Every structure is written in structure tokens, then in C-alpha cells.
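Right, one structure below, let's go through it.
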Amino acid sequence: MTAFLDTNLLIYAQSADPKGEVARQAILDGGVISVLVVNEFSSVLRRKFRLDCHAVAGAVADLRTALDPVRPVGIDTWTAAIDLARQHRFSFYDSLILASALEAGCNTLLTEDLQAGRRIDGLTIVNPFDR
């Protein structure tokens, strides 16, 4: 199983929330993230966790060590996201996550933000906190 990890897992992994242990294990199990996920993660760490840039850079470095190389988000990803948003009525940013996961060849998207069990073009949405 090649999993794409949504930003919410990375955020929970940084928190004392009970979901944190599940999120940390998902990261240790490996997977894929995109530049979009890194950007969202960094923004939340700065804004909500009030971490300085040095701490954010350290957290991102840890992710880069644990996970596959960070995937770019280019115009082809954007185009696929627009098509997904139009077809499935997802928000643009959810569609961008889906498009990134599909582009990376993942078969699973780990997220709590979308309908668990739904399949889109061979990608299965899994809520890791429902286990």
C-alpha cells in the first residue's frame, strides 16, 4: 500500500491530541506528501502552534527523512484538481490533495477530511482514526 498523507495527520502528530499516536505511526509507516501539504503544515505550525521558523524547518526535515521525497505541485496537478473538483464537487484544496495522490501513484489517501471508503480513480480514502 502506498499512502498519501493529508496535512491533518501531520498536524495531529505534532499535538498531544489522542489521535497523535495514530498519526505518528502513519508517518513511521511511510508514504507520500506534496509541497501543498508541506505548505499547509508549515502554516499551521507557525499560526496555531506559534513555532518559529527554525522549529518549523526542523519538523519539515523530520518529515522529509521519514517519508518519500516530497512531490511537486505543478500545472498538470492543478489541471487534474480542477477536473476532480468539477466531477466530484470537492473543494479545490481537497481536489489538489487527491490529484497529488493520484499523480504520485498512491492507492490510499489517509485523511479525516473526506468520505472514508470512497474510491476515486483507484485511490481509496481511508480515515486512519476510524480503526
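So K19 fits all but one of (1) under 24 Å from P72 (Cβ atoms); (2) surrounded by 15 or more Cβ atoms within 10 Å (Cβ to Cβ); what number is the exception?
Condition not satisfied by K19: (1).
Quick test of your reading of the structure: G105 fulfils all but one of (1) among the small types (G, A, S); (2) surrounded by 13 or more Cβ atoms within 10 Å (Cβ to Cβ); (3) out of contact with any helix residue (DSSP H, G or I) (no Cβ under 9 Å at 6 or more places or on another chain); (4) not in a helix (DSSP H, G or I). Name the failing condition by number.
Exception for G105: condition (2).
Find the residue count for region 113-131, including only residues that are under 14 Å from the mean Cα position of the chain (by Cα) and either modelled with pLDDT of 95 or more or under 17 Å from N39 (Cα atoms) (or both). First the steps, then the outcome.
Going through region 113-131, the residues under 14 Å from the mean Cα position of the chain (by Cα) turn out to be 113-114, 123-128.
Going one step further and asking which of them are either modelled with pLDDT of 95 or more or under 17 Å from N39 (Cα atoms) (or both), we end up with 123-128.
Here the count works out to 6.
Does region 1-44 hold any residues that are within 15 Å of A66 (Cβ to Cβ), hydrophobic (A, V, I, L, M, F, W, C) and assigned to a loop (DSSP other than H, G, I, E, B), and which are they?
The answer is I33, and nothing else.
Does V73 satisfy the condition of being in contact with a strand residue (DSSP E or B) (Cβ under 6 Å, 6 or more places away or on another chain), over 27 Å from D130 (Cβ atoms) and crowded, with 19+ Cβ neighbours inside 10 Å? Can you show your working first?
Numbers: in contact with a strand residue (DSSP E or B) (Cβ under 6 Å, 6 or more places away or on another chain): yes; over 27 Å from D130 (Cβ atoms): yes; crowded, with 19+ Cβ neighbours inside 10 Å: yes.
For V73, the condition - in contact with a strand residue (DSSP E or B) (Cβ under 6 Å, 6 or more places away or on another chain), over 27 Å from D130 (Cβ atoms) and crowded, with 19+ Cβ neighbours inside 10 Å - is met.
Among I82, I97, which is among the β-branched types (V, I, T), modelled with pLDDT of 95 or more, part of a helix (DSSP H, G or I) and under 11 Å from the mean Cα position of the chain (by Cα)?
Being among the β-branched types (V, I, T), modelled with pLDDT of 95 or more, part of a helix (DSSP H, G or I) and under 11 Å from the mean Cα position of the chain (by Cα) holds for just one of I82, I97, which is I97.
The values are calculated or read from the model by the stated rules, or taken from the named source; none is laboratory data. Since the structure is predicted, the reported quantities are computational estimates derived from the model, not experimental observations. All Cβ positions, glycine included, derive from the backbone under ideal geometry; neighbour counts span all protein chains shown.
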